[in-house]
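What follows is a set of notes on a single structure, which appears directly below.
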Amino acid sequence: QVQLVESGGGLVQPGGSLRLTCAASGTIFRSYTMGWYRRTPGKQRELVAIIPWDGRTNYADSAKDRFTITRDSAKNTVYLQMNSLKPEDTAVYYCNFAQLGTTYWGQGTQVTVSS
């Protein structure tokens, strides 16, 4: 089992920045992928960014050039630095952890971009 603890959401004005953090604990092997997804009301959960064990990142088009995903493998923690936030980035952001064919989700953290 793997547990995920997210933090860092909140209210920010358009153009502002936030950093989300997700720490994983439990039975963790070397080759895992962590990432962030988001969901807005009436829409399915969508990929924001992922970072596998080898560090090769993948971003949604909406996140490219504004968001940066990094990981600290020693701490089993992933970060999502979000800059130049827009109102359309408003969503619940979920941390995702995948290893050995099993996927785990965090509880979600609300990000609201509004003036």
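The values are calculated or read from the model by the stated rules, or taken from the named source; none is laboratory data. Here the structure is a predicted model, which means the values were calculated and not measured. Only protein heavy atoms, including side chains, enter the accessible area calculation; ligands, DNA and RNA are left aside. Shrake-Rupley method; radii C 1.70, N 1.55, O 1.52, S 1.80 Å.
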Centroid-to-centroid separation of segment 36-50 and segment 1-31 [C-alpha atoms, Å]: 14
Rounded to the nearest 10 Å², the accessible area of residue 64 at probe 1.4 Å: 100
Residue of 52, 14, 41 that the Gaussian network model of the chain assigns the largest fluctuation, springs spanning Cα pairs under 10 Å: 41
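For segment 6-69, what is the accessible area per residue in Å² when the probe is 1.4 Å? Please report the intermediate quantities before stating the final value.
Numbers: 3670 Å² over 64 residues.
Ligands and nucleic acids excluded, the figure is 57 Å² per residue.
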Surface share of carbon and sulfur [accessible, 1.4 angstrom probe, percent] for segment 11-115: 47
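Going from most exposed to least, what order do 89, 72, 65, 54 have by accessible area with a 1.4 Å probe? Mind dumping the intermediate values first?
Working: 89 0, 72 45, 65 160, 54 65 Å².
Ranked list, largest accessible area first: 65, 54, 72, 89.
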